[in-house]
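> Got a structure here, written out as structure tokens. Questions coming.
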Amino acid sequence: MPLATAARPLRVGFVGLGHNGLAHAQAHQRLGRSVIAALCDRRPDRLQQAATLLGVDRLYQDDAICAAPDLDAISIHTGDDQHLEPFCRALAAGKHVLVEKPLANSEAAVRAMVAAAQQADPELKIQVGYILRFNPVFAALRAQVAAGALGRIYYMEADYIHNLLYQQQQTDPVTGRNWYLEEELPMVGGGSHPLDLLRWLSGQEVVRVRALANHVAFPQMRHDDCVAALFGFADGSIAKVAALYGPRCAMAPYYNLRLYGTRGTVERDRLAVAAGDDDVHPEFQPVTADRVIGHPYDAEIEDWLDAIAEHRPPRTSLLDGARSTLATLVAVRSAVEDRELAVPSLSAEA
């Protein structure tokens, strides 16, 4: 069982010390609510650099960190296809877990992780790293949707349009492989961000998907680098999500978010709400919320730490994150098989 008490802060171990893992560790240091007790990375150079930067001398190069008896929690930031083993081992050892999105890189691994969580101590808190839920603009929009400001939402859009061509230079010196070129699935690694945002904003679940893809702008990738999918939701609403990894442009502001409801409309960080049935052209106004540059890691980590302390679910629970990941994995399969597919449900008993 977790060892943290009111008198002793949570002791956290970090698995994977690339850009994302290091950013999370530095956020923990900033917040001062936990102790970075151990670090793990298979690359000796990166492990030592992180150890020096963070002032940590307990180092691992394998998943043994996940079973260390004096750790309360594990924060997992490995490649998408490498989440399964440390996740399962950490839960089996009674650790709280934060695991980066997407949850996994295959439908089978998603189901295995859900099964592992269902067999673990129900008091353990699992956060899946869908960071857009912690952007103040998107949180403010969710409050508006929940209050009924947009009426019934019937169509949504959001995109992951991001120039990631630099990834072709990121060969792992330990394995000699470039995981990104060989294994990355853009609709999953990137597109699950906006899909999760649309699920969270609307409160609806995806039930079917039809996707198309091509392989033009980033031919070095093994998988298609341009994917567009239509997701059908349980209430009949429709969402379009595109994932592009080779555009010659900057990241699309606010993920090209669009929400269309019977009373109002959202365009990126602007909101237009009709005053009444006769108000057919309401003016757009900026959403009242702070504008954040970069990823709000502090807010995400605080939510996880609060969930542990308050014995409540985190903002993106394991099942919630699994549903966003699974829907995009089915979208990839839809493009490959060139047909519409049902998205299997995941329940607490799945």
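> Would you tally the residues in the stretch 28-48 being outside any strand (DSSP E or B) and in contact (Cβ under 8 Å) with a residue 12 or more places away in the chain?
So the answer is 12.
> Then there's this: Search the stretch 142-161 for residues that are in a strand (DSSP E or B) and pair each with any residue that is among the small types (Gly, Ala, Ser) and surrounded by fewer than 16 Cβ atoms within 10 Å (Cβ to Cβ) when their beta-carbon atoms are under 8 Å apart and the residues are at least 6 apart or on different chains.
TYR154/GLY236
> Please pick out the residue among LEU195, LEU212 that is closer than 24 Å to TYR180 by Cα, assigned to a helix (DSSP H, G or I), modelled with pLDDT of 95 or more and not polar (S, T, N, Q).
LEU195
> If I go through the stretch 194-220 residue by residue, how many of them are surrounded by fewer than 24 Cβ atoms within 10 Å (Cβ to Cβ) and either within 17 Å of MET251 (Cβ to Cβ) or touching a Pro at 6+ places or on another chain (Cβ under 9 Å) (or both)?
Going through the stretch 194-220 one residue at a time, the tally reaches 3.
> Still on this model: If you check every pair at least six apart or on different chains, which have Cβ atoms under 7 Å apart with a residue in the stretch 60-85 that is assigned by TED's automatic domain parsing to the domain that holds ALA112 and of a type in the set (Ser, Thr, Tyr) first and a residue that is surrounded by 19 or more Cβ atoms within 10 Å (Cβ to Cβ) and in a helix (DSSP H, G or I) second?
SER75/HIS24; THR78/PRO86
> If you check LEU47 against the conditions, is it touching a Phe, Trp or Tyr at 6+ places or on another chain (Cβ under 9 Å), farther than 26 Å from ALA299 by Cβ, at pLDDT 95 or above and surrounded by 14 or more Cβ atoms within 10 Å (Cβ to Cβ)?
yes
> If the Cβ limit is 6 Å and pairs must be 6+ apart or interchain, which residue in the stretch 241-255 that is touching a residue at least 24 places away in the same chain (Cβ under 8 Å) and more than 12 Å from PRO194 (Cα to Cα) pairs with which residue that is buried (at least 17 other Cβ atoms within 10 Å of the Cβ) and among the aromatic types (Phe, Trp, Tyr)?
TYR245/PHE218; GLY246/PHE218
> Determine the pairs where a residue that is assigned by TED's automatic domain parsing to the domain that holds ARG42 and under 15 Å from TYR245 (Cα atoms), located within the stretch 174-190, has a partner that is at pLDDT 95 or above and surrounded by fewer than 22 Cβ atoms within 10 Å (Cβ to Cβ) with Cβ atoms under 7 Å apart, the partner being 6 or more residues away or on another chain.
Note: no pairs meet the criteria.
Residue-wise test of (1) in contact with a helix residue (DSSP H, G or I) (Cβ under 7 Å, 6 or more places away or on another chain); (2) within 29 Å of VAL207 (Cα to Cα).
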position	(1), (2)
VAL241	yes, yes
ASN256	no, yes
GLY264	no, yes
ALA275	no, no
GLN285	no, no
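> Pick from ALA104, ALA108, ALA116: which is small (Gly, Ala, Ser), outside any helix (DSSP H, G or I) and not assigned by TED's automatic domain parsing to the domain that holds ARG258?
Testing whether each residue is small (Gly, Ala, Ser), outside any helix (DSSP H, G or I) and not assigned by TED's automatic domain parsing to the domain that holds ARG258 leaves just ALA104.
> Just name the residue that is surrounded by the fewest Cβ atoms within 10 Å (Cβ to Cβ) out of those in the stretch 176-192 that are assigned to a helix (DSSP H, G or I) and not hydroxyl-bearing (Ser, Thr, Tyr).
By that ranking, first place goes to GLU182.
The values are calculated or read from the model by the stated rules, or taken from the named source; none is laboratory data. No experiment lies behind these values; they were computed from the predicted model shown. Cβ sites come from the backbone with ideal geometry, for glycine too, and all protein chains shown count toward neighbours.
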